[in-house]
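**Student:** I'd like to ask you about the structure that follows.
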Amino acid sequence: MENDTASFYFNLTMFLNIGHFRYPAFVFCLLLYAVIISANLVIILVILRERALHEPMYVFIACLSVNSIYGSAGFFPRFLIDLLSDTHLISRPACFTQVYIIYTYASCDVTILGIMAYDRCVAVCHPLSYHRKMTVKAVITLVTLAWVCPALNLTVTINMTARLPLCGNKIRKIYCASWNIVKLSCVTAAVNNIAAMLGAVVIAFVPFAFIFYTYLRVLIACWKNPSRIRGKVIQSCLPHVITFVIYSVTSFSDTALSRQNLEEVNPVVAVVLALEFIVIPPLLNPLVYSLKLPEIRRHIFKMLSIKSNRKKNSSKTCPESRS
């Protein structure tokens, strides 16, 4: 029976025993999840509603918010259940499903950031041909590639991981992670390391190099322009750069944590570093875009003011209708 359990289930071992504090932690994380969903939904709804925001840059921002909701849905429901549970067993199908969702979320984030960088590069370096290059067809193609390429890549990678013979079932993580499962494999470590390195190059290095190159071109073009134009360029590009930096720092922390001997890392620090990769980008991205881009900010305030006026009008008309 124990062998069947060990072969069919993984055990997430990074959860701390916090006793009765699990209930406040559950409420806090549930509220955090609600804030992430609400903030990203506001961005999506505003961009969908306002025709003035039906531009490539805002479409890509909406895609980033959709991806944040998708990634959060792959983590928070299971995490909230585990907070209230004494055991943290997860079945192999559920574990690999979570791996697929979280890793496609991470990969799609970086590919969307890549097409956003390309969009800004075309807008700044080739402003006269921007509308000719960034057509509706081009935007649809870029968005499709940003979703399909990571999905196909992760399908192949996870299929290979799922076929590995495993010599254990304990995952030192608060969610299922591909590298942690690979480390349980009975196959020679050198083979796993080479495969992981190649995957990291394809998934991370190439998009990061492309984003860095495009923003370097934007910076050079910005430096050559007058100060008035330079200010507008910085205003439109700064939120994307901030988002890219947030993603880079949190993903690097998670990658570095996966490569460490977690027995030697402070448990609280390990949990925080594991959480920030899933929590911080979906939480901060909508705040960055709503605060830093005046068009989005203005339309959010407009939408909120319309709703508040409707409530006031309905409260005024209710007594009259009764009389």
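The values are calculated or read from the model by the stated rules, or taken from the named source; none is laboratory data. Not measured: the values here are computed from a predicted model. Cβ sites come from the backbone with ideal geometry, for glycine too, and all protein chains shown count toward neighbours. When the accessible area is computed, the model is the full protein with side chains, heavy atoms only, and any ligands, DNA or RNA have been set aside. Shrake-Rupley method; radii C 1.70, N 1.55, O 1.52, S 1.80 Å.
**Student:** Would you please classify the overall shape of region 85-182 from the alpha carbon gyration tensor, given that a ≥ b ≥ c denote the square roots of the eigenvalues, rounded means a/c under 1.5, and beyond that prolate means a/b larger than b/c while oblate covers the rest?
**Tutor:** Prolate is the answer for region 85-182, as a/c is 1.5 or above and a/b outweighs b/c.
**Student:** Under the classification rounded if a/c is under 1.5, otherwise prolate if a/b is larger than b/c and oblate if not, where does region 12-295 fall, given a ≥ b ≥ c as square roots of the Cα gyration tensor eigenvalues?
**Tutor:** Prolate is the answer for region 12-295, as a/c is 1.5 or above and a/b outweighs b/c.
**Student:** Going from most exposed to least, what order do Arg49, Arg297, Arg120 have by accessible area with a 1.4 Å probe?
**Tutor:** Arg49, Arg297, Arg120
**Student:** Shape verdict for region 13-157, please, from the Cα gyration tensor: rounded (a/c under 1.5), prolate (a/b greater than b/c) or oblate. Please list the in-between numbers first.
**Tutor:** Details: a/c = 3.49, a/b = 1.97, b/c = 1.78.
In terms of gyration-tensor shape, prolate.
**Student:** Separate question: How far is the Cα center of region 123-172 from the Cα center of region 36-77, in Å?
**Tutor:** 17
**Student:** What is the count of Lys pairs in region 12-295 whose alpha carbons sit under 15 Å apart, if the two are 8 or more places apart or on different chains?
**Tutor:** Going through region 12-295 pair by pair, I get 4.
**Student:** Can I ask one more? So, taking all protein chains as they sit and a 1.4 Å probe, how much accessible area belongs to Ile280, in Å² rounded to tens?
**Tutor:** 60
**Student:** Taking 0.36 nm per intervening residue step and subtracting the Cα-Cα distance, what contour gain separates Leu80 from Ala151 on full extension?
**Tutor:** 23.0 nm
**Student:** Which percent of the accessible area of region 12-295 is formed by carbon and sulfur heavy atoms (probe 1.4 angstrom)?
**Tutor:** 72
**Student:** Right, something else. Tell me the net charge near Leu84. Cut-off is 12 Å between Cβ atoms, Leu84 excluded, with +1 for each Lys or Arg and -1 for each Asp or Glu.
**Tutor:** Cβ neighbours under 12 Å give a net charge of 0.
**Student:** Taking amide H positions as placed 1.01 Å from N in the peptide plane, with prolines and chain starts having none, which residues 5 or more places from Lys170, or on another chain, fall under 5 Å of its amide H?
**Tutor:** Excluding prolines and chain starts, which carry no amide H, the hits are Asn11.
**Student:** For the full complex of protein chains and a 1.4 angstrom probe, list Asp86, Asp109 by accessible area with the highest value first.
**Tutor:** Asp86, Asp109
**Student:** Need one value: the accessible area of Leu291 in square angstrom, 1.4 angstrom probe, rounded to the nearest 10.
**Tutor:** Here the residue's solvent-accessible area equals roughly 120 Å².
**Student:** Mind checking the full-extension length gain between Asn11 and His131? Use 0.36 nm per residue of separation minus the Cα-Cα distance, one decimal, nm.
**Tutor:** 38.0 nm
**Student:** Taking the Cβ of Ala117 as the center, what net charge do the other residues with Cβ under 13 Å away carry, scoring Lys and Arg +1 and Asp and Glu -1?
**Tutor:** Details: positive: Arg120, Arg217; negative: Asp109, Asp119.
Computed value for this residue: 0.
**Student:** Once fully extended, how much extra length lies between Val272 and Trp223, figured as 0.36 nm per residue of separation less the alpha-carbon to alpha-carbon distance? List each step's numbers first, then the result.
**Tutor:** On the way: separation 49, 0.36 × 49 = 17.64 nm, distance 3.88 nm.
Net length gain for the segment: 13.8 nm.
**Student:** Turning to a different aspect of this structure: Compare Thr214, Thr111, Thr141 by solvent-accessible area with a 1.4 Å probe and give them largest first, with all protein chains kept in place.
**Tutor:** Thr141, Thr111, Thr214
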